[in-house]
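Here, each number is a calculation from the coordinates, and none is a lab measurement. Note that the structure is a prediction, hence the values are computed from the model and not measured. Here the Cβ is made from the backbone with ideal geometry for all residues, glycine too, and neighbour counts use every protein chain on show.
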Amino acid sequence: MSMDPLLEQLLTGFVDESQEIYERVTRSLMELEKEPAQGARFDELARGLHTLKGSAATLGLDELADFAHRMEDVVLPLRGSAQPLPSQMADAVLKSLDTWMARLRATAHKGDLPDLAPSYTLLAQVKPSANGERKSEANGEQKPAANGKANGEHKPSAAATLAANVARPAEEAEAAASSDDTSGDSWRVSTRQVIALLHEVERLREVRLRIDERRRDLDKALQQLDRLGIQSETAEARALMLGLRRALTADGEEAADIVVSMEDGLKAISTMPVRTVLEPLRRAVRDICKASGKLAKLSVVGSEVSLDRRVLEQLRGPLVHLVRNAVDHGLELPEVREARGKHREGALTIRVEQQGNMLFIEVADDGAGLDIEGIRETALRRQLAPAEELGNMTAQQLQQIVFRPGFSTKAEATEFSGRGVGLDVVRNQIQALQGHVEVQSVPGQGARFVLTLPAELGSSPVLVVRCGEHQLGLPMVAVESSRAAKSADLRVGRSRVQLEHREQLIPLQDLGALVGLRQPEVPPDGAPLLILQSQGRRMALSVDEVLGDKELVIRPLPMEVRDLSAYQGAATLARGELVLILRPDWLVNLERKTEAGLSGTRRALVVDDSLTARALHRTALETGGYLVHTASNGRQALEQLRHSAYDVMVCDIGMEEMDGYELTVAVRQRAETDSMPILLVSARDSDTDRQRGTAVGADGFLTKKDCVSGRLLSEVSAVIARRKGMS
């Protein structure tokens, strides 16, 4: 179809305008299925269809204009009705709207045009018969008019088109003018250019952090001068340094302002509201409910958050899958919900929250929750994990199996599930965005899927603390307050410590112990305590030192350790030091499990000077039900063994100061640890290393390649069994 060049320039803007109208009309149709066809909701529906018709005619898209007119013919006779729109009618108009939009996009991109005839037939079947309405053809079908001439319409001339443009409703004229302004006054910016600017903002943020670091170094130098006292030979140097300090402070503040300003500008040109992908999900919920006989209402919180356009497009598929999964697997049939004391209509909620440069999306339902035993049986039947491993898994570990490839509890395939394409697809797509997904479920009450993603823009306020020689970060949003420990406020029991805080007793935990760095310690007087609040629960954390709050960009962990549930990600300080950022919800949930007791849990000590290796080994062992502590060198390991007993030690051979062989000899020389199973791990697959390991008293040997391939857990079980057989 040839089009006037002037009008063709407006077509792209018209596609965007029509998409917004399409979403409003779709929402109105779904609401009018449940309420009388009158009032503001019906007016919005009628106005939307009329705008589509008028705008299409203005651009010379006569077939689309006629098609929108036919949709009007179907719904307008019901204006003012005390009854909701018939479900069959809503179905027909919704499907016709889909076809209308597909036809418009194909026209804009000069692609193959979808056939309108089936949709005309569908509309004819549900069109109310009323005096003055146009009748169907003899065979009961409505056929599209060729170029609009069958119903007395004709293609407008250029002059008539411009006149019609002036005569359109005000909102249509404003939309067209906006599109025209955009095409004339804006600059075309490529994705590559925006990404390059993002990297420059990141560099500027690092410069600002270095300025702050230089100012702190200058403060230390001034303190040293002060200790020397005011002397004539240092007075001039001190005055110069004070001036330099003021200048650095001003430069740091200006750099921070520039970073914020640049981020705001980049957000304006590269982001869109998340509602653009969330609102169409209402249609998905409506369609699957009709197909399954269930009832559900979707609520969206945080739809005004703006995200990178590329991220939004890639989130569309996972969110549709999670919503469909919630209705198909989670929500019960209305009569079942009533029998369980629930409302007949299920509740689906999507929450979107951005904290600094981290994005959190939660998809929750109030259905039956995950069937833990059903998951175990399905995993066993589909051979997704060995029976012994499944038997040792906790409920939380079993819940994560739903993300494994091939997992499905559906015996038969339906339109929506049971086809072997499951939640593993969601996980893979989220991981491709450098994020991770997890599930939390309460039997009979529902399930929550939480997506955590890094955002390209922004930094996060983080409180950096020290535990031993390690620096850790806590999101400031979860830190309620801080205080110094006083023995009078502590309640020390056999299995737990509590803190009296604001006339309440709250649990107190040693952060270093929670993350497996050491054995729990009761904080001495004056030790820093942090009051943490997350998911409606409050706890206190003891740390060795509070290093201060910083604005940091949190980056995803490497793929090998991304499933570590304890960490949100990692950030680097001005001098390059790595800081792991903890997840507050993990801390409060772990604290609750610790309170419940860990009697009968097997304990493992992992010794390795590589942070990545420690994390990998810990993840594998925790999957098998072990409580895992870690040490970064042989000296720390021996200190841990003096205070605690372990069922097994997994030790790297190639460590500095004291290697794995020397540590094994030291462990075997102590009566308390002489019989503890020891598994040595080496980066090399060497018979010499194996023989030397056996000679010093190790019970087994694995290469790091073996560990990555999944053999660690089974080999640990084997060395424990061999030791038991020897005793």
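Could you give the nm distance between label points at residue 200 and residue 16, where each point is 7 Å from its Cα heading toward the beta carbon?
Between residue 200 and residue 16, the simple spin-label model gives 2.3 nm.
If I take the Cα coordinates of the range 459-589 and project them onto the principal axes, what are the three extents in Å, biggest first?
Principal-axis extents of the range 459-589 (Cα, largest first): 42, 27, 27 Å.
What is the gain in length, in nm to one decimal, between residue 724 and residue 521 on full extension, counting 0.36 nm per residue of separation less the C-alpha to C-alpha distance?
So the chain would gain 69.9 nm between residue 724 and residue 521.
Give me the number: length gained by fully extending residue 627 to residue 644, i.e. 0.36 nm times residue separation minus the C-alpha to C-alpha distance, one decimal in nm.
Going from the current span to full extension adds 4.9 nm.
Which whole-number percent is the relative contact order of the range 620-727 (Cα, under 8 Å, 6+ apart)?
Details: 128 pairs, mean separation 27.0, N = 108.
Across the range 620-727, relative contact order equals 25 percent.
Check which residues have an amide H placed less than 5 Å from residue 307's amide H, if you skip close sequence neighbours.
272, 274
Restricting things to Cα coordinates, could you compute the convex hull volume per residue of the range 274-454 in Å³?
117
Modelled label-to-label distance, residue 238 and residue 394, 7 Å Cα→beta-carbon offset: nm?
Going by the 7 Å Cα→Cβ label model, 5.7 nm.
Distance in nm between label sites at residue 313 and residue 384, each 7 Å beyond Cα in the beta-carbon direction?
3.1
Tell me, what is the FRET efficiency for residue 246 and residue 476 to the nearest 0.05, using R0 = 30 angstrom and their Cβ-Cβ distance as r? It would help to have the intermediate numbers written out before the result.
Working: r = 27 Å, r/R0 = 0.90.
Computed FRET efficiency for residue 246 and residue 476: 0.65.
Given the pairs 267/550; 53/267; 95/267; 95/342; 550/704, which are separated by over 26 angstrom at their Cα positions?
53/267; 95/267; 95/342; 550/704
Nothing charged except the Cβ atoms of Lys and Arg (+1) and of Asp and Glu (-1): what's the magnitude of the dipole of the range 491-592 about its Cα centre? Round to the nearest 20 debye.
About 300 debye.
Nearest 0.05, what FRET efficiency do residue 113 and residue 686 give at R0 = 56 Å with Cβ-Cβ as r?
0.25
Stretched out fully, how many nm does the piece from residue 336 to residue 303 gain, at 0.36 nm a residue minus the Cα gap?
Separation in residues times 0.36 nm, less the Cα-Cα distance, equals 8.7 nm.
Order these peptides, 91-103, 432-444, by their mean beta-carbon neighbour count within 10 angstrom, highest first.
91-103, 432-444
Which whole-Hz couplings ³J(HN,Hα) result when phi for each residue of the range 424-432 is put into the Karplus expression 6.51 cos²θ - 1.76 cosθ + 1.60, θ = phi - 60°, listed in order with x for Gly and Pro?
Along the range 424-432, the couplings run 5, 5, 4, 4, 4, 5, 5, 5, 5 Hz.
Go from 0 up to the bin containing the longest alpha carbon distance in the range 20-100, width 10 Å each, and give me the % of pairs per bin.
20, 56, 21, 3
What's the center-to-center distance, using Cα atoms, between the range 440-512 and the range 256-275 in Å?
First find each Cα centre; the distance between them is then 31 Å.
So for the range 459-589, taking the charge dipole from beta-carbon charges (+1 Lys/Arg, -1 Asp/Glu), which of 543, 587, 556 sits furthest toward the positive end?
587
Can you tell me the FRET efficiency between residue 320 and residue 545 if r is taken as the Cβ-Cβ distance and R0 is 41 Å, rounded to the nearest 0.05?
Details: r = 47 Å, r/R0 = 1.14.
Computed FRET efficiency for residue 320 and residue 545 comes out at 0.30.
Roughly how far apart, in whole Å, are the Cα centres of the range 193-243 and the range 322-338?
After rounding, the separation between the Cα centres reads 59 Å.
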